[in-house]
Amino acid sequence: MEFSRINQSKADFDDIYIQDDPRSYFSILGDLDYMITDVAEPVIRQILSAKASATATEPVVLDVGCSYGINAAVHRFPLTFASLRHRYARREIKAVSSEELVRLDRNFYASWPDLGLARFVGLDVSAPAVRYATRVGLIDKGIVANLENEALSAENARIIRPVDVIMSTGCIGYVTDRTFGKLLDATETKPWIISFVLRMFPFDALARTFAQRGLVTERLSGVTFVQRRFRDAEEFENSLANLATADVDPTGLESEGLLHADLILSRPEADVRAAPLEDIVTVASGRGRPIAPRYVHVKSDDGPRVTLEP
């Protein structure tokens, strides 16, 4: 119920996830300086490297809310969300059919050296997005399911069984402990869980679910990760209200017109003792990246008012 209330105050982008290809996804989110994929990738790479060192095997990653497989794309290849956005904005790319774009993208990704540290499996409620990510070769296997409301099928449980890292860069809030509990119950070993979570969303229920299954949760202190600009003044104001309700101070972060996420890592206690989160990652949060005008508060004789700041 809490997540549902918060989600009602956020901009709705459902339409961009049900297309047969990611052109609308890149166009609409790109116009809002969406950058969580890019700022998260160096940290994900460091965590996957630590996981690979701990097990001496190539991790199998389940990307929860994988959409079109963009996390896998920027991890595996020398690409960024920003560079892909420019690719899909070209008039030549806009002119082709979705089927032709799938063929072009399959060849496009195959032309790059694969620098990834893991194999990727994707989970999303959008069949078109998962189908695209699978067909162009960004993920090995894709699962289309809404585990908030559905049981995990036997076939999908077999796909999830070898997973030893679960990650999400924006789906928590739409996905809750119900989904993660089902995923954890299906894995063969206790996985590491990498979560980038918008600061307005509580994490307590997820942390309890993880603890019940033997995982310790760490939150990286002193740093946040920019997701995107607010779409409009209404989303800006509503988000600040949600943060106030959660007793989270937005000063210098969301108050500057940007949605911010925390990094949370959940692992078995022995792994935490061997290498605490602060020893694994170094970060650049994205706060210094050039962006378009943002919604901010300014003082006036009538109290704070919203304005666009370049």
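At q = 0.07, 0.11, 0.13 Å⁻¹, what base-10 log of I(q)/I(0) does the Debye formula yield for the chain when every alpha carbon is treated as an equal point scatterer in vacuo? With one equal scatterer per Cα and no solvent, log10 I(q)/I(0) is -0.27, -0.68, -0.96. Positive contributions from Lys and Arg (+1) and negative ones from Asp and Glu (-1), summed over other residues with Cβ under 14 Å from the Cβ of residue 95, come out at +1.
Charge tally around residue 203: other residues with Cβ under 13 Å, Lys/Arg +1 each, Asp/Glu -1 each, net -2.
State the extension gain, in nm to one decimal, for the chain segment bounded by residue 111 and residue 149, taking 0.36 nm per residue of separation less the distance between their alpha-carbons.
9.8 nm
As a ratio to 2.2 N^0.38 Å, the alpha-carbon radius of gyration computed for segment 1-83 takes the value 1.30. Computed from the Cβ-Cβ distance with R0 of 45 Å, the FRET efficiency linking residue 275 to residue 301 stands at 0.25.
Extension gain residue 178-residue 282, at 0.36 nm per residue separation less the Cα-Cα distance, in nm?
34.3 nm
Considering only beta bridges that DSSP places wholly inside the chain, some 55 percent are antiparallel. Computed over neighbours whose Cβ is under 13 Å from that of residue 192, the net charge equals 0, Lys and Arg +1, Asp and Glu -1. Counting only protein heavy atoms and a probe of 1.4 Å, the accessible surface of segment 196-310 is 48% carbon and sulfur. Computed packing ranks the peptides 184-193, 92-101, 17-26 as 17-26, 184-193, 92-101, most packed first, by mean other Cβ atoms within 10 Å.
Here the Kirkwood formula puts the hydrodynamic radius of segment 203-310 at 16.1 Å, using every distinct Cα pair.
Each DSSP beta bridge with both residues in segment 165-276 is either parallel or antiparallel, and the antiparallel ones are about 75%. Probe of 1.4 angstrom, ligands and nucleic acids ignored: what's the accessible area per residue over the chain, in square angstrom? For the chain, the solvent-accessible area averages 45 Å² per residue.
Starting from the Cα gyration tensor of segment 163-253, take the square roots of the eigenvalues, sort them a ≥ b ≥ c, and report rounded, prolate or oblate (rounded when a/c is under 1.5, otherwise prolate if a/b is larger than b/c, else oblate). Judged from the Cα gyration tensor, segment 163-253 comes out prolate (a/c at least 1.5, a/b above b/c). How about residue 190: which lysines have a C-alpha closer than 23 Å to its C-alpha, ignoring those fewer than 8 places off in the same chain? Of all the lysines, those that pass the test against residue 190 - Cα under 23 Å, at least 8 places apart if same chain - are 51, 141, 182. When each of the peptides 114-122, 6-14 is scored by how many other beta carbons lie within 10 Å of its residues on average, the order from highest to lowest is 114-122, 6-14.
Candidate cross-link partners of residue 10 among the aspartates and glutamates, defined by an alpha-carbon separation under 19 Å and a same-chain spacing of 8 or more, comprise 2, 31, 33, 232, 234, 235, 237, 247, 249, 254, 256, 262. Highest-first packing order for the peptide set 62-71, 229-238, 158-167 is 62-71, 158-167, 229-238, based on the mean count of other beta carbon atoms within 10 Å.
The values are calculated or read from the model by the stated rules, or taken from the named source; none is laboratory data. Note that the structure is predicted; figures quoted are calculated from it, not measured. When we count neighbours, we look across all protein chains shown, and the Cβ atoms used for this are built from the backbone with ideal geometry, even at glycine. What goes into the accessible areas is simple: the full protein's heavy atoms, side chains included, and nothing from ligands, DNA or RNA. Shrake-Rupley method; radii C 1.70, N 1.55, O 1.52, S 1.80 Å.
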